[in-house]
């Protein structure tokens with residue numbers, strides 16, 4: 001089996017001057033060819049080697065996605081060291097543990113995040129730690145670091161190291177070549193830290209073998225060709241982007257465009273629609289939070305047009321959902337005759353034009369990160385920009401299964417990757433039958449090496465070379481994998497029955513425009529409850545539209561919408577009624593990264609939310625819980641919208 005560096009060499013020779021990556025600058029989109037990336041990574045690796053980076057050392061990266069991020073990682077790996085990719089969404093106080101636990105010898109960091117590193121400098125335990133600055137405004141950097149009393153010799157500039165490294169490498173490349181020759185498929189490429197939903201995060205070690213196997217699987221399954229291009233919106237610190245695009249490109253020759261993140265996160269969000277129209281990608285990677293936002297913008301835009309356009313859109317969408325069913329088995333001829341005319345009209349006049357929002361060339365999106373609500377899947381499939389949902393986790397590098405343009409079924413997580421073996425296991429370790437839910441366990445070359453410096457956690461997850469994911473699912477009659485949620489996030493009724501809440505939570509949010517976020521709760525209780533946050537824009541719109549003047553009337557509107565979830569035709573009979581929440585508490589503010597109730601991968605931190613609102617949860621289950629919660633919710637709405 002090859003290594004990632006072997007694949008880079010093969011790609012550089014095969015595709016040579018073809019653009020591998022593009023960055024947006026004031027001059028436009030600047031390409032970096034496959035050959036240039038390989039050369040620059042080798043040059044930079046020589047400078048890192050001179051700084052003392054050695055075999056099996058680790059080196060961190062904290063930056064927005066861009067070409068020199070990728071080149072930096074390749075340079076680290078050329079030294080047979082491991083990259084420690086850090087999310088730009090991490091809070092300052094989350095960095096010291098990751099840097100110290102990983103024993104990182106330094107960090108590549110961008111201007112937008114250098115202040116975080118300066119602020120925690122005294123907490124970094126490694127004495128000879130290096131800061132390598134990825135931007136060019138050296139005066140800004142030196143002023144910042146000198147004020148913090150960071151020794152000047154500890155601060156390096158990326159461009160200077162690249163220039164110095166070129167001279168070193170061209171003078172004598174044998175030192176670096178010897179290191180590369182000794183790299184094996186078992187050597188670690190990245191140590192990716194989990195988001196830390198409970199306790200300290202764990203460092204997941206992913207090897208050359210892991211990445212090569214999973215990247216090749218992805219390219220083969222989606223039949224990626226050199227002609228394709230994508231705009232990378234998701235952060236590349238996660239292995240999904242590594243496998244699907246950064247390393248996947250080495251097997252396919254496709255071109256990658258990095259979202260313009262100059263100016264930070266706020267500007268990046270604004271640049272998404274601009275960059276989509278500039279790049280005209282063939283496909284993009286997405287997560288439910290991103291696609292949900294896109295869905296909302298589309299529906300809001302249609303609603304703003306009103307009249308004939310809005311009516312045709314809604315009727316066409318309904319017709320498309322009925323015709324497509326689960327997309328694997330579509331509607332019969334009678335329904336086709338009834339619904340196709342209106343669907344065809346909507347598709348011709350409206351749906352086809354929605355592709356322009358994505359640049360015009362979009363063929364599909366690939367979804368990961370979390371369970372994707374069925375309504376999102378139906379929506380995008382019907383308008384002709386399907387999201388092919390997959391399933392995976394970092395410990396599996398990460399892709400375990402996926403729907404593809406060639407084989408797909410809405411509501412499922414698709415088929416298993418070619419080199420992955422997947423079983424569904426009962427609690428006693430025996431294998432489940434078709435349709436029977438159990439824990440998902442996988443075997444193959446994409447299973448991680450283990451958790452860095454944590455043998456106990458490794459042995460708990462990997463047993464006899466099988467990775468026990470902690471996720472629940474089953475195979476349906478058509479052999480598609482259906483993932484139902486996390487084992488550790490299970491709802492538990494008073495009789496001990498268990499159920500996963502994620503699909504219900506996603507359904508509540510996408511079925512209820514007034515609800516922004518939901519956590520469903522049942523810990524051996526008589527009924528299921530929920531903690532919700534509100535969509536401020538939609539709430540204010542409803543207040544104006546319905547001329548609501550009191551918090552009590554607004555609560556009635558919200559309660560009515562909450563209850564409609566039970567009778568919605570999509571969700572009706574999908575969930576056992578005991579698990580659908582019958583009472584809810586309104587949190588006074590949204591769950592966010594700032595209040596630490598959302599982690600760096602945009603997932604709600606369930607245990608923290610339940611800890612914060614433990615009193616309110618208990619009150620819902622008290623003898624007067626229904627009335628008390630109603631009064632409390634009205635008081636909250638009064639403060640938020642009528643005071």
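Of all residues in segment 379-410, those that are over 19 Å from the mean Cα position of the chain (by Cα), within 19 Å of residue 476 (Cβ to Cβ) and surrounded by fewer than 22 Cβ atoms within 10 Å (Cβ to Cβ) total 3. Is at least one residue of segment 218-228 surrounded by fewer than 21 Cβ atoms within 10 Å (Cβ to Cβ), without any contact (Cβ under 8 Å) to a residue 24 or more places away in the chain and not in a loop (DSSP other than H, G, I, E, B)? The answer is no; no qualifying residue exists. Restricting attention to segment 241-270, the residues that are in contact (Cβ under 8 Å) with a residue 60 or more places away in the chain, over 17 Å from residue 63 (Cα atoms) and part of a helix (DSSP H, G or I) add up to 5. Looking only at residues of segment 145-184 that are touching a helix residue (DSSP H, G or I) at 6+ places or on another chain (Cβ under 7 Å) and in a loop (DSSP other than H, G, I, E, B), we find that the one that is nearest to residue 54 (Cα to Cα) is 183. Would you check which residues across segment 263-280 are buried (at least 18 other Cβ atoms within 10 Å of the Cβ) and over 19 Å from the mean Cα position of the chain (by Cα) and list them? Those that are buried (at least 18 other Cβ atoms within 10 Å of the Cβ) and over 19 Å from the mean Cα position of the chain (by Cα): 275, 279.
When you go through 304, 319 one by one, which is the residue that is crowded, with 22+ Cβ neighbours inside 10 Å and either at pLDDT 90 or above or assigned to a helix (DSSP H, G or I) (or both)?
Working: 304 fails: crowded, with 22+ Cβ neighbours inside 10 Å.
After ruling out the rest, the residue left standing is 319.
Which ranges mark the strands (runs of 3 or more DSSP E) fully within segment 434-514 that have 2 or more residues being closer than 27 Å to residue 410 by Cα and assigned by TED's automatic domain parsing to the domain that holds residue 423? Reasoning before the result, please.
On the way: elements: 438-444, 466-475, 481-486, 491-493.
Strands (runs of 3 or more DSSP E) meeting the threshold: 438-444, 466-475, 481-486.
In segment 286-298, which residues are out of contact with any helix residue (DSSP H, G or I) (no Cβ under 8 Å at 6 or more places or on another chain) and more than 14 Å from residue 385 (Cβ to Cβ)? Scanning segment 286-298 gives 287, 289, 293, 296.
From the list 555, 527, the one residue that fits, being surrounded by 18 or more Cβ atoms within 10 Å (Cβ to Cβ) and touching a residue at least 40 places away in the same chain (Cβ under 8 Å), is 555. Pairs needed: first member in segment 563-583, under 13 Å from residue 493 (Cβ atoms) and not assigned by TED's automatic domain parsing to the domain that holds residue 505; second member anywhere, in a loop (DSSP other than H, G, I, E, B) and modelled with pLDDT under 75; C-beta distance under 7 Å; at least 6 residues apart or different chains. Sorted first by the residue in segment 563-583, then by its partner, the list stays empty.
When residue 35 is tested against (1) without any contact (Cβ under 8 Å) to a residue 40 or more places away in the chain; (2) out of contact with any helix residue (DSSP H, G or I) (no Cβ under 7 Å at 6 or more places or on another chain); (3) surrounded by fewer than 20 Cβ atoms within 10 Å (Cβ to Cβ); (4) under 22 Å from residue 179 (Cα atoms), exactly one condition is not met: (2).
When residue 76 is tested against (1) assigned to a helix (DSSP H, G or I); (2) surrounded by fewer than 24 Cβ atoms within 10 Å (Cβ to Cβ), exactly one condition is not met: (2).
Looking only at segment 104-144, residues that are closer than 23 Å to residue 265 by Cα and part of a strand (DSSP E or B) come to 6 in all. When segment 541-571 is filtered for residues that are in contact with a helix residue (DSSP H, G or I) (Cβ under 7 Å, 6 or more places away or on another chain) and assigned to a helix (DSSP H, G or I), the ones remaining, listed by number, are 542, 543, 551, 552, 554, 555, 557, 565.
The values are calculated or read from the model by the stated rules, or taken from the named source; none is laboratory data. Computed from a predicted model, the values in this text were never measured in an experiment. Cβ sites come from the backbone with ideal geometry, for glycine too, and all protein chains shown count toward neighbours.
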